[in-house]
Amino acid sequence: MAVLVTGGAGYIGSHAVQRLLRDGARVVVMDNFVRGRREALHRLGLGTHPALSLIEGDIADAAAVHRAFTGEPIDTVMHFAALAYVGESVHEPLRYYRANVEGLARILEACEAHNVPRLVFSSSCSTYGNPPEGMIPVPEDCPQSPVSPYGRTKLIGEWLIRDAAARWTAQGRPFSAAFLRYFNVCGSDRTGLIGEDHEPETHLIPILLQVAQGRRTHIDLLGEDYPTPDGTCVRDYVHVEDLIEAHVLAMRRLAPGVVRAFNVGIGRGYSVREVIEAARRVTGRDIPVRSAPRREGDAAMLFNNPARITSELGWKASVSTIEDMIDTAWKWSLANPRGYSPGR
Ligand SMILES: NC(=O)c1ccc[n+]([C@@H]2O[C@H](COP(=O)([O-])OP(=O)(O)OC[C@H]3O[C@@H](n4cnc5c(N)ncnc54)[C@H](O)[C@@H]3O)[C@@H](O)[C@H]2O)c1
C-alpha cells in the first residue's frame, strides 16, 4: 500500500514525503511543479529511493490523475496540491477554482474508482474569514465565512469531500477524511535537507529571513490599523514537522467513515510586529520595515483553540515558540542562501 502525496514537491508536501519515507511507507508524489521544487524531491531520493516515485501532471487533468492511482494500490491520499496565495486568488479567482476545486474533484473521482479509503485534506484557517466576537481562539465549529477566493476554494473543498464521503459510506464503502485547517505553517525540517522556497515568496517568516540575509532591502508591513493590540495582523504559527505529525495521526487514527475537521496551530497568536522582533532576535541582524497598505483578503486576528486535535488525535506541538520555529527556518536559509536554486 502506498500514500499518494499530491503537491509533494511543495513546501509542506515535501516534508510529508520525508516523514512518510522515514516511517517506511511507499510514496507516490503527484505534482505539476507550478510552485513545487524538483530539487526537493531529488534531495529526498527521487530516482534512487525505491519507495519514492513521481507522477508529473496536473490534478485537474483526469488522465494524469488516473496514472497516479494505477500503480500500487493507494491506501491514503494526502492532498496538498493547490494554489495557495491569498492575494493572487483575488486577481486570478478562476485559476484558483480550477486547481483547488476542479483538481480536488478529479482526485475524489479517482478515489472512488480505485476504492481509496482515506484522505487527509490541507484546509486552512482562512476558511473562517474574520471570526465573530467570542470565537477567538477559534474552535472548529466557528462559522466559516472566508474573505478571499482562496479561502472559499478551501471551504468548497471541504464540502466536496464531505458530500462524496457521505454518499460512499451510505453505499457501504466507508471513506474517512480529515480536514486539517492549518494556521500559519513555518520552519524547516531539523536535518536541514529541505525547507521553504517559494517564488514569489509571500510568507512572512521567509521574507524576514531574506531581508536578514540582504536578499531584500526591507519588509513591507501590510497594514498597521487593524483592530488588534498593536495594529498589525495576529496569526497562529505551527512548525511544519508538527503539522506533518498531525497528518500522520489523522491517517492512523480516523475510524472508517468518519469525516472530521481539526485546527492545527499552537493556540497562541503573534502579531506581525512580534514576529519581526523575534526574527531580529534569532538572526541578530537588522530587519528594516516599511509601512504599506493592507493586503486585500487578510483577516485581522486568527488563532487557534487546539483542544479538539489534542484530545481526539493526541497531537501536541513539539515546537511551541515563534523563536524556535524561526530558528529552524534560519538554519535552512543560512545553508541554502538561494533556496533550491543556487544560481538564482
Ligand atoms: N503554507 C501555509 O501556511 C498554509 C496554510 C494553510 C493551508 N495551506 C495549504 O497547504 C497546502 C500546501 O501548501 P504549501 O505552502 O506547501 O504550498 P506550495 O505551493 O509550496 O505547494 C503546493 C504544491 O502543489 C503543487 N500544485 C499546485 N497546483 C497543482 C496542480 N494543479 N496540479 C498538481 N500540482 C499542483 C505545486 O507545484 C506545489 O508543489 C496547500 O493546499 C495550501 O493551500 C498552507
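Side notes on the structure shown:
- The orientation-averaged shadow of the Cα convex hull for the range 224-322, equal to a quarter of the hull surface, comes to 8.0 nm².
- Relative contact order [Cα under 8 Å, 6+ residues apart], the chain, whole percent: 18
- Kirkwood Rh in Å, taken over all unlike Cα pairs in the range 283-344: 15.9
- Computed on the range 62-150, the Cα convex hull volume stands at 108 Å³ per residue.
- Of all DSSP-defined beta bridges confined to the chain, some 5% are antiparallel rather than parallel.
- Here the spin labels are modelled as points 7 Å beyond Cα on the Cα-Cβ line, and at His91 and Ala166 they lie 3.8 nm apart.
- In Hz, Karplus ³J(HN,Hα) per residue of the range 80-87 (6.51, -1.76, 1.60; θ = phi - 60°; x = Gly, Pro): 9, 4, 5, 8, 9, 10, 4, x
- Label-to-label distance, Arg280 versus Ser341, with points set 7 angstrom from Cα along the beta-carbon direction: 3.2 nm.
- Inverting the pair-averaged 1/r between distinct Cα atoms of the chain gives 20.3 Å as its Kirkwood hydrodynamic radius.
- Scaled radius of gyration (Cα, divided by 2.2 N^0.38 Å) that the range 157-282 gives: 1.36
- Per-residue [θ]222 nm for the chain (sum of -39500 (n - 2.57) over DSSP H runs n ≥ 4, rounded to 500): -11000 deg cm²/dmol
- Restriction of the trypsin sites (Lys or Arg not before Pro) in the range 73-142 to DSSP coil positions whose beta-carbon has at most 15 other beta-carbons within 10 angstrom yields no sites.
- Modelled FRET efficiency - R0 56 Å, Asp75 with Glu323, Cβ distances, 0.05 increments: 0.90
- Sequence-distant contacts, meaning Cα pairs under 8 Å at least 6 residues apart, place the relative contact order of the range 131-226 at 10 percent.
- Point-charge dipole on Cβ atoms (K/R +1, D/E -1) for the range 166-278, about Cα centre, debye to 20: 840
- The separation of the range 67-99 from the range 226-288, counted between C-alpha centres, amounts to 22 Å.
- Net charge of Cβ neighbours under 9 Å - reference Tyr11; Lys, Arg +1; Asp, Glu -1: 0
- In the range 115-166, the C-alpha radius of gyration followed by the widest Cα-Cα span (Dmax) gives 12.4, 43 angstrom.
- Taking the number of Cβ atoms within 10 Å of each Cβ as an exposure proxy, the fewest-first ranking of Trp330, Trp159 is Trp159, Trp330.
- The equivalent ellipsoid that matches the C-alpha gyration tensor of the range 96-198 spans semi-axes of 25, 21, 14 angstrom, in descending order.
- Among His218, His15, the order by Cβ neighbours within 10 angstrom, fewest to most, reads His218, His15.
- Across all directions, the average projected area of the convex hull around the alpha carbons of the range 1-127 is 7.5 nm².
- The residue among Pro146, Ser291, Tyr11 whose Cα reaches farthest toward the positive pole of the charge dipole of the chain, with charges on the beta-carbon of Lys, Arg, Asp and Glu, is Tyr11.
- Each of Thr169, Thr328 has some number of other Cβ atoms within 10 Å of its Cβ, and from fewest to most they run Thr169, Thr328.
- Charge context of Phe33, other residues only, Cβ under 12 angstrom, K/R +1, D/E -1: -2
- Total charge dipole magnitude, the chain, about the Cα centre, Cβ charges on Lys, Arg, Asp, Glu only, Debye to nearest 20: 500
Any read-out appearing in this document is the output of simple, stated calculations on the displayed coordinates, not a laboratory observation. Quantities reported herein were computed from a predicted structural model and do not represent experimental measurements. Glycine gets a Cβ as well: all are built from the backbone with ideal geometry, and neighbour counts include every protein chain shown.
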